[in-house]
Amino acid sequence: MATTEPTATLTPTPAAAVQYRGVAMLPDGKWRAYIVNRDGEPFNIGKFGTATAAALAHDRAILAVLGPDTSGVVLNFRAAFSDTELRFLSGRHALARPSGVVAMVRRSDDGSYDTELSRFAARAFDAYLDPDLALDVANFRLAHSDMLHRLMEKAAITAGANANQETRAKAKLDAEREAFVQAAKNKAIDELWVERYHHRRLATGHTFEDENRWPLVVPVNDVHVDWSPGEELIYLPHGSSYVDEMIL
């Protein structure tokens, strides 16, 4: 995606600078996010407080237009997107046409986007009759069965020894739903994740295949997650490299 504007350069680690696509620094110290079509025509996404937030807005806007098969080569944080957020951004589960999603992305610096995503994830968890959403929930349960078992047992204990079976079952389901909602959030809103992401990209020299397969950070104090640099899944580019139709 060619552009005539400079990309943002950050130094989250002393080892290397990070260049973000579709981000330019403004005179007031804010950061502008934009996408361009194959003719080099830019479309302004909005102004954000940090370069990372602008880079994430850039990615969300492109995914809203082109969908989840967009090549990770043209994105800053393909690894940060859960399957649930990809559905939220594009396709039949999206809340609006690309123009509506981009309008929501423009307001994401105030937290409204993440609030709507969490609401969508909560509804998705309960959408048993929707095959795509049900599959997302099933995959989540399969990937984190041990953690979820501990989490739900803890919720049942918290409900109280005198709670009836229905109350305990509801407490378990609520805990599982909250874990799913937390897992659906974009990982790039976590500064520690972003720093670790850049370290790992620097170490491998490749763009990762979707790191929504990474161990998820969930609100459970007694769960410890490890990862090994030797276990990377290397991304194989696919899909368009351009915003071919800017229906905004």
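Here, each number is a calculation from the coordinates, and none is a lab measurement. As the structure is a computational prediction, the values presented were derived from the model and not from experiment. Heads up, the Cβs are rebuilt from the backbone with ideal geometry, glycines too, and the neighbour counts pull from every protein chain shown.
If you check ALA156 against the conditions, is it in contact with a helix residue (DSSP H, G or I) (Cβ under 9 Å, 6 or more places away or on another chain) and in a helix (DSSP H, G or I)? Answer is yes for this residue.
Just the residues that are without any contact (Cβ under 8 Å) to a residue 40 or more places away in the chain and either surrounded by 13 or more Cβ atoms within 10 Å (Cβ to Cβ) or within 18 Å of the chain's Cα centre (by Cα) (or both), please, taken from region 121-134. Walk me through how you get there before you give the answer.
Of region 121-134, the ones without any contact (Cβ under 8 Å) to a residue 40 or more places away in the chain are 123, 127-131, 134.
Those that are without any contact (Cβ under 8 Å) to a residue 40 or more places away in the chain and either surrounded by 13 or more Cβ atoms within 10 Å (Cβ to Cβ) or within 18 Å of the chain's Cα centre (by Cα) (or both): ARG123, ALA127, ASP130, ALA134.
Would you point out which residue out of ALA79, ALA53, ALA64 is of a type outside the set (Lys, Arg), more than 24 Å from HIS198 (Cβ to Cβ) and buried (at least 20 other Cβ atoms within 10 Å of the Cβ)?
Values: ALA79 fails: more than 24 Å from HIS198 (Cβ to Cβ); ALA53 fails: more than 24 Å from HIS198 (Cβ to Cβ).
Only one candidate qualifies: ALA64.
Mind counting the residues in region 105-134 that are outside any helix (DSSP H, G or I), closer than 22 Å to LYS187 by Cα and among the charged types (D, E, K, R)? Here the count works out to 1.
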